[in-house]
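The values are calculated or read from the model by the stated rules, or taken from the named source; none is laboratory data. Model, not experiment: these values are computed from the prediction. Glycine also receives a Cβ, built like all others from the backbone with ideal geometry; neighbour counts cover every protein chain displayed. Surface accessibility is based on the protein's heavy atoms, side chains included, excluding ligands, DNA and RNA. Shrake-Rupley method; radii C 1.70, N 1.55, O 1.52, S 1.80 Å.
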Amino acid sequence: MISDNHNNTGLQHSLKQRHMSMIAIGGVIGAGLFVGSGVIAKAAGPAAILSFLLTGGLVVLIMRMLGELASSLPVVGSFYEYARLAFDDKPKVSKFLGFMSGWMYWYFWVVVVALEAIAGAKLVNFWLPEVPSWAISLVLLVSMTVLNLFSVKAFGEFEFWFASIKVVAIVVFLFVGALFITGSLPNSIPSLGFLTSNGGFMPHGWGPVLSGAVAATAFYSGAEIVTIAAAETSDPAKAIARATNSVITRVLMFYVGSMFVVVCIVPWDSPAIATPFVSALKVMNIPYAAHIMNAIILTAVLSALNSSLYASSRMIFALTRRGDAPTGLVKLSKNGVPIRAILFSTLFAYFAIAVSYVSADLVFPFIVNSYGILILFVYLLIAISQLRLRRRLERECPERIKVRMWLFPYLTYFTIIAMLVILGAMSVSSDTEQRVSFWFGLLSVVIMSVMYYIKKLVNDDRNGGEAADTKVELKHV
């Protein structure tokens with residue numbers, strides 16, 4: 001089933017360790033932190049800190065599992081291949097789960113490509129209100145497409161510098177916020193401010209905190225992109241081990257730390273919490289706060305647009321190599337870039353941008369609501385794959401395990417149960433947006449399942465029946 005390694009795919013190995021570290025960190029820091037965190041704080045109060053802590057802990061466990069698999073079995077397609085490998089003793093299950101994990105992940109990121117292009121246009125309109133939003137969206141999308149088409153090194157350099165800007169911005173925000181809270185800035189006094197006032201730390205109880213944890217799950221998506229990028233490094237196992245270890249501590253520090261600063265400085269029940277970071281900077285009397293944060297958020301959006309286009313194109317490339325997508329998309333440029341896979345992934349983004357203006361009340365809401373939970377299904381498959389593959393690795397080639405999941409298998413079981421609880425909570429949530437997102441997302445899963453069985457019927461008719469698969473020895477992967 002998996003007979004080739006990362007060295008004979010045709011992809012270039014131009015990404016360096018510094019690229020990998022920033023891809024891992026930058027993938028998690030998106031516009032969700034700078035803007036969406038205010039929605040959770042509005043609902044849960046200062047206890048939104050716990051929402052991000054709970055979800056962050058879960059994502060850390062997922063990343064640890066994925067780090068173990070990717071460092072032991074560095075293959076193109078990452079968790080798409082792991083879903084296939086984990087069940088290669090059950091060919092029908094293996095093929096189905098591989099197909100579903102790959103296409104769910106692709107669909108998730110091509111929707112993100114479109115949404116980030118639309119979000120970027122709104123941010124640019126802050127300075128250029130007379131320019132049509134659709135035109136700005138197209139310029140941003142075309143620019144990132146050209147960058148990705150050029151070379152993987154160009155992608156890595158762009159992501160390194162833009163992710164660096166995001167990281168520096170958060171570190172500076174945490175530093176200035178700490179000075180303000182401790183009374184070290186002019187006109188400030190030592191105080192935790194609104195952390196326990198205006199109704200207390202948890203004004204509405206645990207309900208909104210847990211609901212906020214569910215909503216925050218999407219904010220953390222992106223860290224796993226580093227395991228896909230590993231196929232384009234010279235030493236995937238080493239790159240993955242370092243990158244996953246770095247993201248674990250920094251993610252919690254950035255999300256939980258910045259949320260702590262915000263809820264101390266900005267009243268959770270005020271309209272100002274809708275723009276949490278801008279409002280915090282204004283309270284601290286930082287000049288040009290709105291312009292500064294708009295520029296930082298635009299940087300985050302462009303970084304997310306760049307990395308989501310990369311992730312979607314590499315996943316479709318992996319799908320083509322296993323016959324789960326049209327093989328014509330596998331073509332590489334002289335620079336080792338999957339040109340057709342990139343262009344194919346942008347087609348959906350162009351379509352989504354068009355319907356966002358033409359069918360803003362019908363088609364576009366379905367697109368927005370149908371993709372969010374797919375990343376949760378992918379994370380669930382990662383955990384299940386790690387549970388099965390770890391035991392096989394220990395039997396067949398234990399020397400390949402360089403990054404180990406903590407307290408295996410107990411934390412893996414815990415993660416699987418937690419993901420199922422999150423999905424169940426979304427299905428019956430009192431939050432209409434979460435509930436709609438779950439059911440629309442489930443509909444998209446059904447549609448992809450139908451796609452799989454149509455593909456299977458076509459292939460079986462063409463090949464005169466289903467081809468038999470043989471179990472693969474992991475030492476040969």
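Ignoring ligands, DNA and RNA, what percent of the 1.4 Å accessible area of the chain is carbon and sulfur?
Its accessible area is 68 percent carbon and sulfur atoms.
So what J values fall out for the stretch 146-162 if you push phi through Karplus, 6.51 cos²θ - 1.76 cosθ + 1.60 with θ = phi - 60°, rounded to Hz, Gly and Pro as x?
Each residue of the stretch 146-162 in turn: 4, 4, 5, 6, 5, 5, 5, 5, 5, 4, x, 5, 4, 5, 4, 6, 6 Hz.
Once percent of Cα pairs over 38 Å apart is worked out from the coordinates, which option in (i) 63; (ii) 22; (iii) 33 does it equal?
Working out percent of Cα pairs over 38 Å apart from the coordinates points to (ii).
Under a point-charge model restricted to the Cβ atoms of Lys and Arg (+1) and Asp and Glu (-1), what is the dipole moment magnitude of the stretch 17-461 relative to its Cα centre, in debye to the nearest 20?
Dipole about the Cα centre, nearest 20: 980 debye.
Rounded to the nearest 0.05, what FRET efficiency is calculated for Lys90 and Lys331 with R0 set to 35 Å and r the Cβ-Cβ distance?
0.60
Can you give the angle from 0 to 90° between the axis of helix 206-220 and the longest principal axis of the chain, with both taken from C-alpha atoms, to the nearest 10?
So the helix axis and the longest Cα principal axis differ by about 60 degrees.
Loop only by DSSP, 12 or fewer other Cβ within 10 Å of the Cβ. Give me the chymotrypsin sites (Phe, Trp or Tyr not before Pro) in the stretch 263-293 that pass, ordered by residue number.
Tyr288
Compute the distance from the alpha-carbon center of the stretch 161-207 to that of the stretch 30-92, in whole Å.
25 Å
With unit charges on the beta carbons (Lys and Arg positive, Asp and Glu negative) and the dipole taken about the Cα centre of the chain, which residue among Ser444, Leu85, Thr412 sits farthest to the positive side?
Final value for the positive-end residue is Leu85.
At a Förster distance of 22 Å, what's the computed FRET efficiency of Phe150 paired with Arg18, Cβ-Cβ distance as r, to 0.05?
0.70
Between the stretch 248-273 and the stretch 296-352, what is the separation of their alpha carbon centroids in Å?
What the calculation gives is 33 Å, centre to centre.
From the phi angles alone, apply the Karplus equation (6.51, -1.76, 1.60; θ = phi - 60°) to the stretch 443-459 and give each ³J(HN,Hα) in whole Hz, x where the residue is Gly or Pro.
5, 5, 5, 4, 4, 5, 5, 4, 4, 4, 6, 5, 4, 5, 5, 4, 5
Please check the chain for the longest run free of GluC sites (Glu not before Pro) that are loop-located per DSSP (anything but H, G, I, E, B) and have at most 14 other Cβ atoms within 10 Å.
Longest stretch, sites excluded: 131-465.
Taking Cα atoms, how many degrees apart are the long axis of helix 289-321 and the longest axis of the chain, rounded to 10 and kept between 0 and 90?
For 289-321 against the chain, the angle is about 10 degrees.
Put a dot 7 Å past each Cα toward the Cβ at Ser427 and Phe366; how far apart are the dots in nm?
Computed distance between label sites Phe366 and Ser427 equals 2.2 nm.
Counting each DSSP H run of 4 or more residues in the chain as -39500 (n - 2.57), what helix-only mean residue ellipticity at 222 nm follows after dividing by all residues, to the nearest 500 deg cm²/dmol?
One gets -23500 deg cm²/dmol as the mean residue ellipticity at 222 nm.
Under 20 Å between alpha carbons: how many lysine pairs meet that in the stretch 17-461, if sequence neighbours fewer than 8 apart on the same chain are excluded?
Lysine pairs, 8 or more places apart or on different chains, close enough: 14.
Normalised by the number of residues in the chain, what is the relative contact order in percent for Cα pairs under 8 Å and 6+ residues apart? Provide the component values of the computation, followed by the final result.
Details: 747 pairs, mean separation 157.1, N = 477.
Rounded, it is 33 percent for the chain.
Loop-only trypsin sites (Lys or Arg not before Pro) in the stretch 282-391, please: DSSP not H, G, I, E or B, and at most 10 other Cβ atoms within 10 Å.
Here the trypsin sites (Lys or Arg not before Pro) that fit, given the DSSP loop and packing criteria, are Lys334.
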